[in-house]
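Have a look at the structure below, then the notes.
Bear in mind that the values in this text are calculations on the coordinates, not laboratory data. These figures come from a predicted structure and were not determined experimentally. Cβ: placed from backbone, ideal geometry, glycine included. Neighbour counts: every protein chain shown.
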Amino acid sequence: MANKAAKNADNVAGKYYVDDQCTSCGICEGLAPDNFKLKDDGSYAYVSAQPSADQEAACKEAMESCPSSAIGDDGE
Ligand code: SF4
């Protein structure tokens, strides 16, 4: 379960976020590339854009696929 009190700094505001448990595996970016990005230095992933209605399923899949449980959907 991700912790909204430990969001990383680059997340855009909103429902989805990545917290400090991210290990930069890249799975989320692969599943939802319009919404999750890895930092250029590879240090962690963050939510670059909240999903539109048709992107929601991919974000949910990314959240459920994150091996570190670092993605939350209770950001607001
Ligand atoms: S799937 Fe999880 S651990 Fe992997 S990059 Fe995304 S947020 Fe980080």
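Given labels modelled 7 Å from the Cα in the Cβ direction, how far is it in nm from GLN55 to ASP74?
2.4
Of ALA32, ALA57, ALA45, which has the largest mean-square fluctuation in a 10 Å C-alpha GNM of the chain?
The residue with the greatest mean-square fluctuation here is ALA57.
For the chain, what does the helix formula give at 222 nm: sum of -39500 (n - 2.57) over DSSP H segments with n ≥ 4, over the residue count, nearest 500 deg cm²/dmol? Numbers along the way, then the final one.
Numbers: 2 runs with 15 residues, N = 76.
Taken over the chain, the calculation gives -5000 deg cm²/dmol.
Can you give the Rg to Rh ratio for the chain, taking only C-alpha atoms and Rh from Kirkwood?
That ratio is 0.90, to two decimals.
Have a look at TYR44, ALA6, CYS28 and report the one farthest towards the positive end of the charge dipole of the stretch 4-72, computed about the Cα centre with Cβ charges (Lys/Arg +1, Asp/Glu -1).
Projecting each Cα onto the dipole axis, the largest value belongs to ALA6.
Report the residue, chosen from LYS60, LYS15, LYS37, that carries the largest GNM mean-square fluctuation when the chain is represented by alpha-carbon nodes joined by springs under 10 Å.
Of LYS60, LYS15, LYS37, the Gaussian network model singles out LYS15 as fluctuating most.
Please give every one of the aspartates and glutamates within straight-line cross-link reach of LYS37, meaning a C-alpha to C-alpha distance under 12 Å, and leave out same-chain neighbours fewer than 8 residues apart.
ASP10, GLU29
How large is the dipole of the stretch 4-72 about the Cα centre if only Lys and Arg carry +1 and Asp and Glu carry -1, each at its Cβ, rounded to the nearest 20 debye?
Magnitude of the dipole: close to 200 debye.
If I build a Gaussian network model for the chain, linking alpha-carbon pairs within less than 10 angstrom, which residue out of ASP41, ASP20, ASP54 has the largest mean-square fluctuation?
Largest GNM mean-square fluctuation: ASP41.
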